[in-house]
Amino acid sequence: MDDGGAYLATMRRTAPLVQCITNFVAMNVMANVLLAAGASPAMVHDPEEAAEFAAIAQALTINIGTPDPRWVEGMLAAAEGAARAGVPWVLDPVAVGATAFRRDIGARLLALRPGVIRGNASEILALAGAAARGKGADSADPVAAAEDAARRLAQTSGAVVAVTGPVDYVTDGARAFRIANGHPLMPKVTALGCSLTGVVGAFVAGQPRLEATVAALACFGLAGEIAARAARGPASFQTAFIDALHAMTPDDLTLGARVEAA
Amino acid sequence: MDDGGAYLATMRRTAPLVQCITNFVAMNVMANVLLAAGASPAMVHDPEEAAEFAAIAQALTINIGTPDPRWVEGMLAAAEGAARAGVPWVLDPVAVGATAFRRDIGARLLALRPGVIRGNASEILALAGAAARGKGADSADPVAAAEDAARRLAQTSGAVVAVTGPVDYVTDGARAFRIANGHPLMPKVTALGCSLTGVVGAFVAGQPRLEATVAALACFGLAGEIAARAARGPASFQTAFIDALHAMTPDDLTLGARVEAA
Amino acid sequence: MDDGGAYLATMRRTAPLVQCITNFVAMNVMANVLLAAGASPAMVHDPEEAAEFAAIAQALTINIGTPDPRWVEGMLAAAEGAARAGVPWVLDPVAVGATAFRRDIGARLLALRPGVIRGNASEILALAGAAARGKGADSADPVAAAEDAARRLAQTSGAVVAVTGPVDYVTDGARAFRIANGHPLMPKVTALGCSLTGVVGAFVAGQPRLEATVAALACFGLAGEIAARAARGPASFQTAFIDALHAMTPDDLTLGARVEAA
């Protein structure tokens, strides 16, 4: 794959406006992560304005973490607005297997052809229609168990599919990569996965989806590795993580990315 | 009372899935506090899925901090779903005396028999039908002024009632304990009380309600004492608090808990 | 202008109850900023209780960052309730030029005569009916470009208008001040502008609007300058900022404020 730092440099230069429809837990940290990375986040979700805004954004991300029917209406309108305007959008199917309501939302959003899908192994398995064992928003399945499902889901949906965990797996249905960056404290901080989805959105704005997604995951994981050196627990880790993302240079990313073809 | 550390050890081992219906202010910090303590939080509130999810959770917590009619519907459905499934649930009646809307919500939730009620003195007084002087979400009454009301509320409702403040008071209507752990910076950080309610939920999952509630309060207050040593103000206190909760061992809790029978 | 520290001292002594109707991104940090400054925040937004609560608050702030029709109903009811009770209220017209929905909300709230309006240059230009170039919630116009619009808006609306940016501009339509406190990391932390609106609300509770707004802006910017000395990036900056606001004395503010008549 190409040089990861180049994707970060392009993202920083364009500072894309990323519309985020996300859950209440992630709102603040996701916005701070996007600002630190170099993008311009905007939380706009209501049906009154979600589609109109999607047409002026450079990317859209949709996260179903705390859904209700009106928010779902906004999600569908935004995804349709993005499609009409040629704006790429990223789906984050939080706990999609947990309830009937979420399974239905996942299916309806999937039909609107996201450019990228990012989830943990249990979520990707559930979205692909396979048996999954998620525990709320946490995965109870290893990444390896979801690789086949991810490849099939990419082929049937046309999306780049990213399964994140200790080692991430990203595929467009033909090619695939594994990204080994990251740190065990990351799942101890809530909404970091949601925030990663936002960073993926920022990277894919105007860049090739597969490569930009891989670069976003390496960038995010590398910030986690740097943060761990200064952390005394999950909260000081979160602080150091956002600081590290802000300080990271394209060269840091090129040197620190641990990506290989799968 | 039994060894506080044993309740922490059991909670960590089972890592209970705690469904949280909470307010918008508390969403993120409550999830991070639960993760740091060792539980698995899930924010699921809408009537479309709240009751279904309550049946797969190990505990449910309901906080009325930023209510609207649809959220109230979800709260009632979740409390009923928890009752049907034998899942314990904890009520946090934020500012229950402040408006007619909140008084009505408090009464309706109380009728669904929470296993534990946790509030400040003004909230417990208001929920028990006594005169209270809260200022928004802050108490304007001392804990001691709410002890009689707490005992009566425990007897009439069947709940364990926890009045939190500089020294906490916990009663099941017959026995009672005082917990002296904590630090004056804690009320300067928003939503720490809400987060404590989540930790109480995690501790009472599968454990005796009175003792587990006391252990949760001691654990939370002790983390505050440890955090204060490193804090330069309320924000660095919050960071150190979550780190301390994550680092606390059962032995730390047994040694540091300051509990006595009341 | 009078001594800035005197306004801080009065605010601290009265610890005003500030009702905040704000967006989901700002909820937590705004409450923590208000607590650190010395006020008592209360997030109460629903039409069921917003007007009732406004009558017992000492100030009200309304931020349109993540609007939907029901929240707008609550905003209008609260603003009317505040007016009836003689409670001052502050408008924060986030991204008001971005969509038709927001332009309509802005116009309806403006008609209810806010005591203070605080926004970035693009927002003040849009609210005043001039051409603006905002990018989501970020300004794309310099403060200087909005000074004429601010003065006209103050004259037509009766509000004190504060345009915030690298150097803030505050006017009541006749007199005007510039405040040079602040730090470039501030716009890299989400919702700090929203939080500033809350602090303005706390300062104007029972104090002259123009002078109290100027003092609030100086206080906020000065905390940013102090925080920057300890920061390693935007997240450690936010922590240090809240700690600095909590530690600031009236004398610190009087000495550090960089205010001049415009």
query: Counting only residues that are in contact with a helix residue (DSSP H, G or I) (Cβ under 6 Å, 6 or more places away or on another chain) and β-branched (Val, Ile, Thr), how many does segment B:144-166 have?
result: 3
field: Tally of residues being within 9 Å of another protein chain (Cβ to nearest Cβ), over 26 Å from C:Thr99 (Cα atoms) and open to solvent by 10 Å² or more (accessible area, probe 1.4 Å) across segment C:43-76
entry: 3
statement: Scanning segment A:82-115 residue by residue, those out of contact with any strand residue (DSSP E or B) (no Cβ under 9 Å at 6 or more places or on another chain), open to solvent by less than 10 Å² (accessible area, probe 1.4 Å) and assigned to a loop (DSSP other than H, G, I, E, B) turn out to be A:Thr99
message: Anything in segment B:230-259 that is surrounded by 18 or more Cβ atoms within 10 Å (Cβ to Cβ), more than 8 Å from chain A (Cβ to nearest Cβ) and of a type in the set (D, E, K, R)? List them, or say none.
response: B:Asp252
message: Would you confirm whether or not segment C:74-93 contains a residue that is in contact (Cβ under 8 Å) with a residue 40 or more places away in the chain and in contact with an Asp or Glu (Cβ under 7 Å, 6 or more places away or on another chain)?
response: yes
task: Select from segment A:5-16 the residues that are in contact with a Pro (Cβ under 8 Å, 6 or more places away or on another chain) and open to solvent by less than 20 Å² (accessible area, probe 1.4 Å) and list them in ascending order.
output: A:Gly5, A:Leu8
- request: With the condition kept exactly as written, say whether any residue in segment C:2-15 is of a type outside the set (Asp, Glu) and modelled with pLDDT under 95.
  value: yes
task: Look through segment C:184-203, keep the residues that are open to solvent by 10 Å² or more (accessible area, probe 1.4 Å) and closer than 11 Å to C:Arg118 by Cα, and return whichever of them is farthest from the other protein chains (Cβ to nearest Cβ).
output: C:Leu196
message: Tell me yes or no: at least one residue of segment C:16-26 is out of contact with any strand residue (DSSP E or B) (no Cβ under 9 Å at 6 or more places or on another chain) and modelled with pLDDT of 95 or more.
response: no
message: I'd like the residue in segment C:31-41 that is at the interface with chain B (Cβ under 9 Å from one of its Cβ atoms) and surrounded by 24 or more Cβ atoms within 10 Å (Cβ to Cβ) and, out of all such residues, is nearest to B:Gly134 (Cα to Cα).
response: C:Pro41
- request: Keeping to segment C:189-237, report how many residues are touching a residue at least 60 places away in the same chain (Cβ under 8 Å) and in contact with a Ser or Thr (Cβ under 8 Å, 6 or more places away or on another chain).
  value: 12
- request: Run B:Asn28 past the list (1) polar (S, T, N, Q); (2) open to solvent by 10 Å² or more (accessible area, probe 1.4 Å); (3) facing chain A (nearest Cβ under 8 Å); (4) more than 13 Å from A:Phe24 (Cβ to Cβ) and report the number of the one that doesn't hold.
  value: (4)
field: Residue under evaluation B:Ser122, criteria (1) surrounded by fewer than 21 Cβ atoms within 10 Å (Cβ to Cβ); (2) within 14 Å of chain C (Cβ to nearest Cβ); (3) of a type in the set (Ser, Thr, Tyr), criterion not met
entry: (1)
- prompt: Any residue in segment B:204-211 that is among the small types (Gly, Ala, Ser) and either buried (at least 24 other Cβ atoms within 10 Å of the Cβ) or within 14 Å of chain C (Cβ to nearest Cβ) (or both)?
  reply: no
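The values are calculated or read from the model by the stated rules, or taken from the named source; none is laboratory data. All of these numbers come straight from a predicted model, not from anything done at the bench. No Cβ is skipped: glycine too gets one built from the backbone with ideal geometry, and neighbour counts run over all protein chains shown. What goes into the accessible areas is simple: the full protein's heavy atoms, side chains included, and nothing from ligands, DNA or RNA. Shrake-Rupley method; radii C 1.70, N 1.55, O 1.52, S 1.80 Å.
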